[in-house]
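Notes to accompany the following structure.
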Amino acid sequence: MMPTAADYTWFKHTGLTESYCFTMVRGLRRAEALAVGTDVISHWGGVDGEDRFLWLVDGEVRLDFEPCSPSVGRGVTPMG
């Protein structure tokens, strides 16, 4: 059965609608999260409406930008 919008009504009672930070880490061993061999993707949103996307590979910033202003960003991976 496919989920519907009703299956996600719990989300509005979590506080995540005001601010949040989702972070995914791949390749994490007992080393630091920014070590060689580790990928990190993070997206956060704040109560003031700002948000930011960050992608790191081996501790190097590949992409760092505000989704509302994607033309303004930094990193070694070009946008668009």
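The values are calculated or read from the model by the stated rules, or taken from the named source; none is laboratory data. Just so you know, these numbers come straight off a predicted model, no measurement behind them. Please note: Cβ atoms are built from the backbone with ideal geometry, for glycine as well, and neighbour counts cover all protein chains shown. These area figures cover heavy atoms from the full protein model, side chains too; ligands, DNA and RNA do not enter into them. Shrake-Rupley method; radii C 1.70, N 1.55, O 1.52, S 1.80 Å.
With +1 on each Lys and Arg Cβ and -1 on each Asp and Glu Cβ, how big is the dipole of the chain about its Cα centre, in debye rounded to the nearest 20?
280
Using Cα springs under 10 Å in a Gaussian network model of the chain, which residue among THR38, THR14, THR23 shows the largest mean-square fluctuation?
THR14
May I ask you to rank VAL25, VAL72 by accessible area, largest first, using a 1.4 Å probe over the protein chains only?
Largest to smallest exposure gives the sequence VAL72, VAL25.
Got a number for carbon plus sulfur as a percent of the chain's accessible area, 1.4 Å probe?
Solvent-exposed carbon and sulfur of the chain make up 60 percent of the total.
Suppose the chain between TRP10 and ARG62 were pulled fully straight at 0.36 nm per residue; how much longer would it get relative to their current alpha carbon spacing?
Value of the extension gain: 15.3 nm.
With springs only between Cα atoms under 10 Å apart, run a GNM on the chain and tell me which of ASP48, ASP64, ASP39 wobbles the most.
Of ASP48, ASP64, ASP39, the most mobile in the Gaussian network model is ASP48.
Quick one: what Rg and Dmax do you get for the chain from the alpha carbons, in Å?
Here Rg and the maximum Cα pair distance are 15.6, 42 Å.
Considering Cα pairs under 8 angstrom that are at least six residues apart, work out the relative contact order of the chain and quote it in whole percent.
It comes to 19 percent, rounded to a whole number.
So how much accessible area does LEU28 have, in Å² to the nearest 10, using a 1.4 Å probe?
So the heavy atoms of LEU28 present about 100 Å² to solvent.
Dipole of the chain (Lys/Arg Cβ +1, Asp/Glu Cβ -1, origin at the Cα centre): which of CYS68, TYR8, VAL57 lies farthest to the positive side?
Among CYS68, TYR8, VAL57, the one farthest towards the positive end of the dipole of the chain is VAL57.
Just to be sure I understand: with springs between alpha-carbon atoms less than 10 Å apart, which residue in GLY59, GLY37, GLY15 has the highest mean-square fluctuation in the Gaussian network model of the chain?
GLY15
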